[in-house]
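Read the structure below first, then the notes.
The values are calculated or read from the model by the stated rules, or taken from the named source; none is laboratory data. Source: prediction; values computed, not measured. Heads up, the Cβs are rebuilt from the backbone with ideal geometry, glycines too, and the neighbour counts pull from every protein chain shown. SASA here: full protein model, heavy atoms, side chains in, ligands and nucleic acids out. Shrake-Rupley method; radii C 1.70, N 1.55, O 1.52, S 1.80 Å.
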Amino acid sequence: AGENSPVLCYSFEQAAADDSGRYPLEVRGGAWVAATDDGNHVLYTGTGNGYALLSAAVGPEVMATLSGDYTISIDLCVGADNALGSFCWAYGLTNGTNTYVGLVNAAGNNGWYYEIKDGAALSVRSGKGLSVDAWHTVTLVQEGSTCTYYIDGVKAASSTVTLKPSAFGASLQDNYLGRSPFGGDAYMRNTMMDNFRVYDRALPAEEVAALHEACPRSKEIVLDAERVLA
């Protein structure tokens, strides 16, 4: 990996692990790694309570190293039949409900936000929803004490955030895509996810825009293809 590469990337081209092969993933609840009609591979959460469980080592080996600037980005496409009327999480790197890093849809799909919590929570609230049946890139950039929320490469909001993942990263052991640590929340139903990336630097605006430029385009899963990981 080069110096500009992410320290963690799940592109789902290596179905059972991150791109480096160091951090396995399991699909649960009917989720699967699917091929799309352009040859890309994505995590598909399915129509029930599907999600991916990432390696517990992501906490101590990746998140615990983020003591300064960092960036977290994910591509996602939520289908028309979805759970966005309820609270649900695109990702949650967690140790219970008091310690986590998460990207959260507030019930109603009109107020997505990023939250980092170690007892007390700090958040960046976008005040925006995500249109359904469309691919989006949501990127959080922590630079100094400012955390900025980007949707599709465009700044939506920023807030002062002083808590860094290194303060509690070693404890993060329940690391999810598509699931919340809160038992009352919904799962991210009928959602495709791709390119979950963590960088140990603050990406400049042009690189954030480039992530969205490279975002998947296909919304057609090849249903008769062999499931790569299920």
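Electrostatic bookkeeping for E13 treats Lys and Arg as +1 and Asp and Glu as -1; over the other residues with beta carbon under 14 Å from its beta carbon, the sum is -4.
The residues of segment 167-217 present an accessible area of 39 Å² per residue when probed at 1.4 Å with all protein chains retained. Over segment 107-230, Cα pairs under 8 Å with separation of 6+ residues give a relative contact order of 21 percent. Both the radius of gyration and Dmax for segment 71-230 are 15.3, 48 Å, in that order, over alpha-carbon atoms. Determine, from the Cβ-Cβ distance of V222 and A107 and an R0 of 45 Å, the FRET efficiency 1/(1 + (r/R0)^6), rounded to the nearest 0.05. Working from the Cβ atoms, E equals 0.85. Per residue, the average separation of C-alpha pairs within less than 8 Å and at least 6 apart gives segment 4-136 a relative contact order of 15 percent.
Distance between the 7 Å Cα→Cβ label points at S131 and E13: 2.8 nm. Each residue of segment 101-112 is assigned a 3J(HN,Hα), and the resulting list reads 10, x, 10, 10, 8, 5, 3, x, 6, 9, x, 5 Hz, derived from the Karplus form 6.51 cos²θ - 1.76 cosθ + 1.60 (θ = phi - 60°), x at Gly and Pro. For segment 2-84, the fraction of 1.4 Å probe accessible surface lying on carbon and sulfur atoms is 45 percent.
Its relative contact order, with pairs defined as Cα atoms under 8 Å and 6+ residues apart, puts the chain at 32 percent. Here the alpha carbons of segment 144-215 define both size measures, Rg and Dmax, at 14.6, 38 Å. Note: segment 14-130, Cα convex hull, 134 Å³ per residue. Rolling a 1.4 angstrom probe over the protein heavy atoms with all chains in place gives segment 12-157 an accessible area of 34 Å² per residue. In order along segment 17-27, the Karplus-derived 3J(HN,Hα) couplings, from 6.51 cos²θ - 1.76 cosθ + 1.60 at θ = phi - 60°, round to 7, 5, 5, 7, x, 8, 10, x, 9, 10, 9 Hz, and Gly and Pro are given as x. Scoring 184-194, 39-49 by mean Cβ neighbours within 10 Å over their residues and listing the highest first yields 184-194, 39-49. With the convex hull of its Cα atoms as the shape, segment 77-116 has an orientation-averaged projected area of 3.0 nm².
Charge dipole (Cα centre; +1 on Lys/Arg Cβ, -1 on Asp/Glu Cβ; no other charges) of the chain amounts to roughly 700 debye. With Cα atoms as the point set, the radius of gyration and Dmax of segment 119-172 evaluate to 13.0, 37 Å.
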